[in-house]
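Below is one structure, written out as structure tokens; comments come after it.
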Amino acid sequence: MMYEVRDLRLSFPDMAHKPLIGAAPRLEVLKGLSFDVPKGAVLGIVGGSGSGKSTLGRAMLRLLEPTGGTISFDGTDITHMGEDQLRGMRKRFQMIFQDPMSSLNPRRRVGGIIAGPLRLQGLDGLTGRVDEALDMVGLPRGFAQRYPHELSGGQRQRVGIARAIALRPDFILADEIVSGLDVSSQAQVLNLLGELVRDLGLTLAFISHDLSVIRRLCDRVLVLHHGEVVEEGATAALFDAPQAAYTRELLGAIPLPDPHQTWG
């Protein structure tokens, strides 16, 4: 297994309800989640706003430390691993963020952005690695000299993907990465991710509130509601025969195509 998650819990201080004297109460965001992510799988993590899906993703990459339970990555317990140990492992799991304009340094050229994680890992041959990453995401190598503001939204998201795959990780977490794109750009990015999973042997977790996107890309689905897993299973089975009422509610919100719609 790429990931084995058992009874995962995570809480934060609830500062909105902190008393004048004493510690703030804890707000539990993840409430005992257990699931596996097989190697090579494309797992969709879906749920409404406040379901805990982004918090779960950050905990899986140890950007947040759990308050309970365990997270095992490729057989290694990383639940409370120190930052020095994590530094050597981070090249194996990478993240693509939702908003590339906020996650890409506007003062750095694309080449420098992609090379940043490579440099942190002490790797050499950076120019060749950057060119290879640009090739893999379908961007001209000349884009290495451009700044993020000179690119379209879809191109910026491809730069984010290039930065993530440049280290040749085993696992990538993509957090709502197509939600801000137009339909055409969404389709291109989803196709690209599918190709990279196949060509690089990646394991992918794809966070989204949009089940129609999950259905297109993922082979397994994890449905979260209020910090709990309400359903998990193969994508086809879950869409054909959802067991949880909340899953049926989400499926019912997917807009159906208009059979009378014509396209010019």
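The values are calculated or read from the model by the stated rules, or taken from the named source; none is laboratory data. What you see is a predicted model, and the numbers here were worked out from it, not measured in a lab. No Cβ is skipped: glycine too gets one built from the backbone with ideal geometry, and neighbour counts run over all protein chains shown.
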- Task: Give the stretch 76-100 a look and list any residue that's in contact with a Gly (Cβ under 8 Å, 6 or more places away or on another chain) and not in a helix (DSSP H, G or I), or say none.
- Result: 79, 95, 96, 97, 98, 99
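Looking at 212, 185, 179, which one is in contact with a strand residue (DSSP E or B) (Cβ under 8 Å, 6 or more places away or on another chain) and of a type in the set (S, T, N, Q)?
The match here is 179.
Each row is one residue, and each column tells you yes or no for (1) under 18 Å from residue 99 (Cα atoms); (2) exposed (fewer than 13 other Cβ atoms within 10 Å of the Cβ); (3) at pLDDT below 90; (4) not basic (Lys, Arg).
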| residue | (1), (2), (3), (4) |
| --- | --- |
| 181 | yes, no, yes, yes |
| 185 | yes, no, yes, yes |
| 199 | no, yes, no, yes |
| 219 | no, no, no, yes |
| 239 | no, no, no, yes |
| 256 | no, yes, yes, yes |
- Message: Suppose we filter the stretch 1-32 for residues that are within 17 Å of residue 63 (Cα to Cα) and among the hydrophobic types (A, V, I, L, M, F, W, C); how many remain?
- Response: 6
- Message: Suppose we keep only residues that are in contact with a Lys or Arg (Cβ under 8 Å, 6 or more places away or on another chain), in contact (Cβ under 8 Å) with a residue 40 or more places away in the chain and crowded, with 19+ Cβ neighbours inside 10 Å within the stretch 117-166. Which one would you say is farthest from residue 203 (Cα to Cα)?
- Response: 148
- Query: In the set 162, 144, which member is at pLDDT 95 or above and within 26 Å of residue 57 (Cα to Cα)?
  - Reply: 162
- Query: Can you find even one residue in the stretch 181-201 that is farther than 21 Å from residue 61 by Cβ and either in a loop (DSSP other than H, G, I, E, B) or of a type in the set (Phe, Trp, Tyr) (or both)?
  - Reply: yes
- Mind listing whichever residues of the stretch 47-75 are under 23 Å from residue 237 (Cα atoms), over 11 Å from the mean Cα position of the chain (by Cα) and crowded, with 18+ Cβ neighbours inside 10 Å? 47, 51
- Query: Yes or no: residue 146 over 25 Å from residue 217 (Cα atoms) and basic (Lys, Arg)?
  - Reply: yes
